[in-house]
Amino acid sequence: MQSMRAKLTLWYTGILALVLIAFAAATYIYFVRASTRKTDDALMDSSDLVVASLKSELGEGKERGAQTVREVVNDFRFRDREVVVFDENHQVVASAEPREPERSPKVWPAPEAFANIPGLSSNQGRTCSTLGVAHGIRFCGVALQSTSGTFLIVTAKSLFEEKETLEQVRTAFGIAIPIALVLASLGGFLLAKRSLAPVAEMGERAARISANNLHERLPVKSEPDEVGRLAIIINDLLSRLDLSFEQQRRFMADASHELRTPLSSVLGEAEVALSRPHRNEDEYRQCLSAVYNEGTRMSRIVSDLLSLARADSRQYPINKTDCSLGPLIEECVRALKHLAEKHGVALSFTSPATGIVVKGDAELLRRLFMNLLDNAIKYTASGGAVRAEFSQNQSDCIFTVSDTGRGIAVDAQPHIFERFYREDKVRQRSSGSEGSGAGLGLSISQWIANLHGGRVSLEKSSEKGSTFSVRLQISQLV
């Protein structure tokens, strides 16, 4: 009873039962009213026949009129109804019983029982009523004005046949409705079972899918219907989960690998320092310097990983204000002048005369520009040059960084913004680099640009160097 098939069948059966009961009730009421109207019309027609005969036969004089009424009424003996004529004092003048008394109730009331009927005492009155005897007696009366006086003609008929017909209708409904509900319930249950069979199969297949077999998919038997679309949606969800799990596994593996290298260096330097009981100060300083450099590298990797994790969960705090990019980029260039001189790289910057302001987080934008400039310097050999330009193009501003390094291989270019991706075979870092080298810089830069409604692009790359650009929307010009 807890299954969806049973619930659908119960709902379907309940609604069908209400519809059938309402239909049966409406039909029965219609039959009752139609039967009553038909009986009343027949009784009125009989009364009108008697009235028409009385009008043509009545003469002058009250005594003669009563005799004529009796003669006329005796001539009108109907098969299944009784005719009674009353005078103006509600006294029976004449009556005629049915020709077939077996169609009448055994306890037929006296003619006087039809006298006190509302409307019959008024002149030219016409009305019908029911007498609650046996199966019921329906009677209709007509008032007749003549020179011989006022007469009330009543025609009565037993409702036995009508009641019998209505009883047959009730019996038919009482038998047909339960049978229809049973058949409809069985049909509805089988139809629900067949319709929900793909859902049950999908549930069984989905229950077998875990983190170890996310590559499996649910069967799609009919794409146009709701079940098919549900299967497609679940398969798309599984694809996204599979991709997320794969990225997570790759992320953990790459992070472990990147952290293991500097950690091994730290342990190695510590082991070397402790391998001999006595060392001079220069040897200790050299070991501590190596430990410090590797610790700094691990700190940067952890910081980058934390930034990306908070970015993925959309929990990174953003403080957007009006930022003037010219002075901000100049500050980044000045901060990296020493690193460029250390690597023997000429660093230059060209800025437009007009001040350009964007809406953004100054710290994140500084990190974006520092990452691009730092990469360009570190991947440029000694004697090379890094040129930074800042320009305006209609409603956008463009920051471009060009270097004279060895460039990026063509097959590696589509992947350079992926996390932990490094094309080390071509784009070797210069010796003495102080960066983490974990392959996270461009991923973080792209995230920052996207956060500000912009993007980072690799404009070109060859053996003569590479050019990266950042495009951001201008807030105002000053």
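The values are calculated or read from the model by the stated rules, or taken from the named source; none is laboratory data. Small disclaimer: the values here were computed from a predicted structure and weren't measured. Positions of Cβ are generated from backbone atoms using ideal geometry, with glycine treated the same way; all protein chains shown enter the neighbour counts. Accessible surface areas use protein heavy atoms only, side chains included; no ligands, DNA or RNA. Shrake-Rupley method; radii C 1.70, N 1.55, O 1.52, S 1.80 Å.
Looking only at the range 73-105, which residues are assigned to a helix (DSSP H, G or I) and either buried (at least 20 other Cβ atoms within 10 Å of the Cβ) or modelled with pLDDT of 85 or more (or both)? Before you say what the answer is, go through the steps one by one.
At the first step, the residues of the range 73-105 found to be assigned to a helix (DSSP H, G or I) are 73-75, 101-103.
Answer for the range 73-105, where residues must be assigned to a helix (DSSP H, G or I) and either buried (at least 20 other Cβ atoms within 10 Å of the Cβ) or modelled with pLDDT of 85 or more (or both): just VAL73.
Check LEU442, LEU458 and return the single one that is surrounded by 16 or more Cβ atoms within 10 Å (Cβ to Cβ), among the hydrophobic types (A, V, I, L, M, F, W, C), modelled with pLDDT of 85 or more and within 30 Å of SER244 (Cβ to Cβ). Don't jump to the end; show me each part of the working.
On the way: LEU458 fails: surrounded by 16 or more Cβ atoms within 10 Å (Cβ to Cβ).
Step by step, each of LEU442, LEU458 is checked, and only LEU442 is surrounded by 16 or more Cβ atoms within 10 Å (Cβ to Cβ), among the hydrophobic types (A, V, I, L, M, F, W, C), modelled with pLDDT of 85 or more and within 30 Å of SER244 (Cβ to Cβ).
The one condition from (1) surrounded by fewer than 15 Cβ atoms within 10 Å (Cβ to Cβ); (2) in contact (Cβ under 8 Å) with a residue 24 or more places away in the chain that ALA172 does not meet is (2). Pairs, please: C-beta under 9 Å, at least 6 apart or cross-chain, first residue closer than 21 Å to ALA376 by Cβ and open to solvent by 20 Å² or more (accessible area, probe 1.4 Å) and in the range 345-365, second part of a strand (DSSP E or B) and among the hydroxyl-bearing types (Ser, Thr, Tyr)? Final answer for the pair search is THR350/SER391; SER351/SER391; PRO352/SER391.
Determine whether ARG217 is open to solvent by 80 Å² or more (accessible area, probe 1.4 Å) and basic (Lys, Arg). No.
Condition check ((1) open to solvent by less than 100 Å² (accessible area, probe 1.4 Å); (2) among the hydrophobic types (A, V, I, L, M, F, W, C); (3) within 27 Å of MET4 (Cβ to Cβ); (4) part of a loop (DSSP other than H, G, I, E, B)) across all residues:
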{"residue": "GLY203", "(1), (2), (3), (4)": "yes, no, yes, no"}
{"residue": "ALA206", "(1), (2), (3), (4)": "yes, yes, yes, no"}
{"residue": "GLY228", "(1), (2), (3), (4)": "yes, no, yes, no"}
{"residue": "ILE232", "(1), (2), (3), (4)": "yes, yes, yes, no"}
{"residue": "MET252", "(1), (2), (3), (4)": "no, yes, no, no"}
{"residue": "SER256", "(1), (2), (3), (4)": "yes, no, no, no"}
{"residue": "SER265", "(1), (2), (3), (4)": "yes, no, no, no"}
{"residue": "GLU269", "(1), (2), (3), (4)": "yes, no, no, no"}
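Looking at the range 244-272, which of the residues that are touching a helix residue (DSSP H, G or I) at 6+ places or on another chain (Cβ under 8 Å) and within 13 Å of ARG419 (Cα to Cα) is modelled with the highest pLDDT? Looking at residues that are touching a helix residue (DSSP H, G or I) at 6+ places or on another chain (Cβ under 8 Å) and within 13 Å of ARG419 (Cα to Cα), I get ALA255.
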